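Asks: Okay, here's the structure, questions in a sec.
The values are calculated or read from the model by the stated rules, or taken from the named source; none is laboratory data. A quick note: this is a predicted structure, and the numbers were derived from the prediction, not measured. All Cβ positions, glycine included, derive from the backbone under ideal geometry; neighbour counts span all protein chains shown. Surface accessibility is based on the protein's heavy atoms, side chains included, excluding ligands, DNA and RNA. Shrake-Rupley method; radii C 1.70, N 1.55, O 1.52, S 1.80 Å.
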Amino acid sequence: MDMLISNSPEATVRLGEEWGRTVPSGTVIGLSGDLGAGKTQLVRGIARGLGSAARVHSPTFALLNEYTDGRLRLYHLDLYRLGGPDDICAAGLAEFLGAPPGVAVVEWYDRWEAGGGQVPARLRRVWIEIRTEHERLIRHADTGA
Ligand SMILES: Nc1ncnc2c1ncn2[C@@H]1O[C@H](COP(=O)(O)OP(=O)(O)OP(=O)(O)O)[C@@H](O)[C@H]1O
Ligand SMILES: [Mg+2]
């Protein structure tokens, strides 16, 4: 388990950027954290690290945003409005939660995991905790090849 304290949105973006530079294709990055924890900030960094110039915004209404101008395709999912794996499958999102053709970053990954959704082949599980207005505790653990 890796642990880091972020003291600013920029520091969270920088962490994502580091990850984006090295993340292998086929990885699911599953994010947990309350509203305003900084999940979307982290995705901004991941996009940047992948070399994408896209402006990342939360796909809460679209469910899925796709950025194709980086080193790997980036699929940005937000499961907040979905109840669980049945809804997620019905929305056509399951294929991105197994072995995505690129990198899938998933806000509210708990919706899939807690409902018994299948564990991806390659998963970076991330938990962001709000400590104070600007301080976040960011933990992550990798599973799979
Ligand atoms: N250390 C920090 N890291 C990330 N964001 C921070 C930090 N400190 C303050 N913030 C603020 O917290 C907010 C995080 O917003 P963000 O949209 O990334 O959250 P989220 O986890 O995606 O929320 P939601 O569940 O609503 O999608 C931003 O307003 C950002 O400026
Ligand atoms: Mg968000």
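Asks: At a threshold of 8 angstrom on Cα-Cα distance, excluding pairs fewer than six apart, so keeping six or more, what relative contact order does the chain reach in percent?
Replies: Worked out over the chain, it gives 33 percent.
Asks: Of the accessible area of the chain, with the probe set at 1.4 angstrom, what percent is carbon plus sulfur?
Replies: 50 percent
Asks: Using a/c under 1.5 as the rounded threshold, could you call segment 27-88 rounded, prolate or oblate? The axes a ≥ b ≥ c are square roots of the C-alpha gyration tensor eigenvalues, and prolate needs a/b larger than b/c, oblate otherwise.
Replies: Taking the square roots of the gyration eigenvalues as a ≥ b ≥ c, segment 27-88 is prolate.
Asks: Describe numerically, in nm with one decimal, the distance between label points set 7 Å from Cα along Cα→Cβ at Ser8 and at Asp69.
Replies: Rounded to a tenth, the inter-label distance reads 2.6 nm.
Asks: Still on this structure: Suppose only helical runs count, i.e. DSSP H with n ≥ 4. What mean residue ellipticity at 222 nm does that imply for the chain under -39500 (n - 2.57) per run, divided by all residues and rounded to the nearest 500 deg cm²/dmol?
Replies: Numbers: 4 runs with 35 residues, N = 145.
Using -39500 (n - 2.57) per qualifying helix, the result is -6500 deg cm²/dmol.
Asks: Kindly provide the trypsin sites (Lys or Arg not before Pro) of segment 1-64 that DSSP labels as loop, not H, G, I, E or B, and whose Cβ sees at most 13 other Cβ atoms within 10 Å.
Replies: Numbers: sites: Arg14, Arg21, Lys39, Arg44, Arg48, Arg55; in loops: Arg55.
For trypsin sites (Lys or Arg not before Pro) across segment 1-64 that sit outside H, G, I, E and B with at most 13 neighbouring Cβ atoms in 10 Å, the list reads Arg55.
Asks: Could you pull out the longest piece of the chain with no exposed loop GluC sites (Glu not before Pro) in it, calling a site exposed if DSSP puts it outside H, G, I, E, B and it has at most 14 other Cβ atoms within 10 Å? Please report the intermediate quantities before stating the final value.
Replies: Numbers: sites that count: Glu133, Glu135.
Answer - 1-132.
Asks: Kirkwood hydrodynamic radius (Cα pairs, Å) of the chain?
Replies: Hydrodynamic radius (Kirkwood, Cα pairs) of the chain is 14.8 Å.
Asks: Related question: Take Trp108, Trp19 and sort them by solvent-accessible surface of the protein heavy atoms, 1.4 Å probe, largest at the top.
Replies: Trp108, Trp19
Asks: Given H placed on each backbone N at 1.01 Å, which residues far from Arg122 in sequence or on other chains put an amide H within less than 5 Å of it?
Replies: Distant-sequence amide H within range of Arg122: Val28.
Asks: Pulled fully out, how much extra length does the chain show between Gln118 and Arg139, if you take 0.36 nm times their separation in residues and subtract their Cα-Cα distance?
Replies: 5.4 nm
Asks: Additional query: What figure in square angstrom, to the nearest 10, would you give for the accessible area of Thr27 with a 1.4 Å probe?
Replies: 10 Å²
Asks: Would you work out the charge dipole size for the chain about its Cα centre, treating the Cβ of every Lys and Arg as +1 and the Cβ of every Asp and Glu as -1, and quote it to the nearest 20 debye?
Replies: Charge dipole of the chain: 360 debye, to the nearest 20.
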